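**Q** Before I ask anything, let me first share the structure, which is written out below as structure tokens.
The values are calculated or read from the model by the stated rules, or taken from the named source; none is laboratory data. Please read these numbers as outputs of a predicted model, since none were measured by experiment. Reconstructed Cβ throughout: ideal geometry from the backbone, glycine too, with neighbour counts over all protein chains shown. Ligands, DNA and RNA are stripped out before the accessible areas are found, and what is left, the full protein with its side chains, is counted by its heavy atoms. Shrake-Rupley method; radii C 1.70, N 1.55, O 1.52, S 1.80 Å.
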Amino acid sequence: MIQVSKLRNELNELQSQAQLRSLITQTANPSMPSFCSNDYLGLKHDSRLIEAAQQAIDVWGVGTGSAHLIEGHTQIHAQLEERLAEFVGADKALLFSTGYMANLAVLTAFAKSDNVIVMDKLNHASLIDGAQLSQAKFQRYNHNDMAALQRRLSRLDLGQAMVVSDSVFSMDGDIAPITELVAEARMGQHSLFLDEAHGLGVIGPKGRGAFAESGETLDDRFILMGTMGKAFGTAGAFVAGQSDVIDYLVNKARPFIYTTAMPAAIAAATLKSLNIIESNEGDDLRARLAENITYFRSSAKDLGWNLMNSATAIQPILMGSSERAVQASQALAQKGFRVPAIRPPTVPKGLSRLRVTLMASHSKDHIDQFLTALGRCDD
Ligand SMILES: *Cc1c(COP(=O)(O)O)cnc(C)c1O
């Protein structure tokens, strides 16, 4: 219920625990490079993407005017779906307006009341929400702990489960043991759903993701999800899998059916972005990103900072308490760098952090400037 005085009390409580969140409005031309963006390849301002979006707007208009199943699904959407399916090695792909909705869609469509969803404890919030919205039983195993997953699967009295994991963990930057996940799923004939939001574009051959990097191939019961709001530099998401699996989503997934289709301009820009990601230029961007990650890690460690076990563009600096994370974030903000403090409930208590992200477009100078602003770790 809405009772303003109670809401205020709760907000005050959050404030006193250094956990209050508030919006920070960005200016159009920031003077400093970003160290908190998921635009890892620096594509969101690319003139080729902008031009593709503008051309599509001229033809199709700004909005789509309806859901995909009414008249929102244009030739550009269909073409993008084909290209994305090919990109990840699946029969078919289906576009969604956001990754959050794609995750709700898959979990609610496939996990029914007599099923079990077993997922990594550090999975993205949208996967947790999807599992809760589905009527399936819901269990979580310790992060990347395959023995814990095995124990849970071996105790199932209900047969098959849907095993769900981020491929690259969004707040930690580490990668799931995909070969083991695949082996577990194959052995028990379980379904496997991998969220490649932070894998596509940046990891694997031609940026095809962490699943492709593992050398595994898709099985009838495996589903991949990817987002375009991160390395693709656009917006929206897709689910890829066996053809009947995708047709089933078209018929049953409410977050697909009951929402307006993504603008054709976004699909057009994403096609352009996919071309770049798969090209030699994409390889160069990934190589530059990799150099920046290595340089950042060694420089930050020299300054005494506690980094996590991540080889990806997500390089969290562990701060511990929420207070310390907020202080570090505010000190950086005063010097022009915005890196929000990630606190509970997004991460466990005592593991608050600055979620730093590297981009291909950073120069060594940018990284030096950022680390100078951060200063030396004082404990
Ligand atoms: C960002 C993210 C999502 C949600 O995608 P949106 O398109 O931003 O809604 C889902 N899963 C993971 C792991 C993410 O990082």
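**Q** Filter region 355-379 for residues that are closer than 17 Å to G42 by Cβ, touching a residue at least 24 places away in the same chain (Cβ under 8 Å) and not in a helix (DSSP H, G or I) and give the result.
**A** V356, T357, L358, M359, A360, S361, H362, listed by residue number.
**Q** Return only the number of the condition from (1) open to solvent by less than 30 Å² (accessible area, probe 1.4 Å); (2) hydrophobic (A, V, I, L, M, F, W, C); (3) part of a helix (DSSP H, G or I) that M262 does not satisfy.
**A** So the condition that M262 fails would be (3).
**Q** Got at least one residue in region 31-39 being out of contact with any Gly (no Cβ under 8 Å at 6 or more places or on another chain), on the phi < 0 side of the Ramachandran plot and loosely packed, with under 13 Cβ neighbours inside 10 Å?
**A** Checked region 31-39: no residue is out of contact with any Gly (no Cβ under 8 Å at 6 or more places or on another chain), on the phi < 0 side of the Ramachandran plot and loosely packed, with under 13 Cβ neighbours inside 10 Å.
**Q** Identify, please: which residue in region 165-221 is free of Cβ contacts under 8 Å to residues at least 40 places away in the same chain and among the small types (G, A, S) and is, among those, surrounded by the most Cβ atoms within 10 Å (Cβ to Cβ)?
**A** G199
**Q** While we're here: Condition first: over 18 Å from A85 (Cα atoms) and under 22 Å from the mean Cα position of the chain (by Cα). Now tell me which residues in region 238-259 satisfy that.
**A** A253, R254, P255, T259, listed by residue number.
**Q** I've got another one for you. Every residue in region 76-122 that is open to solvent by 10 Å² or more (accessible area, probe 1.4 Å) and among the β-branched types (V, I, T), please.
**A** I76, V88, T98, T108
**Q** Which residues, taken from region 140-181, are polar (S, T, N, Q) and more than 11 Å from V116 (Cβ to Cβ)?
**A** N142, N144, Q150, S154, S165, S167, S170, T179
**Q** Could you list, ordered by first residue, the pairs with Cβ atoms under 9 Å in which the first is in region 113-133 and in contact (Cβ under 8 Å) with a residue 24 or more places away in the chain and among the polar types (S, T, N, Q) and the second is near the ligand (Cβ under 10 Å from one of its atoms) and open to solvent by 50 Å² or more (accessible area, probe 1.4 Å), at least 6 apart or interchain?
**A** S126/T98; S126/Y100
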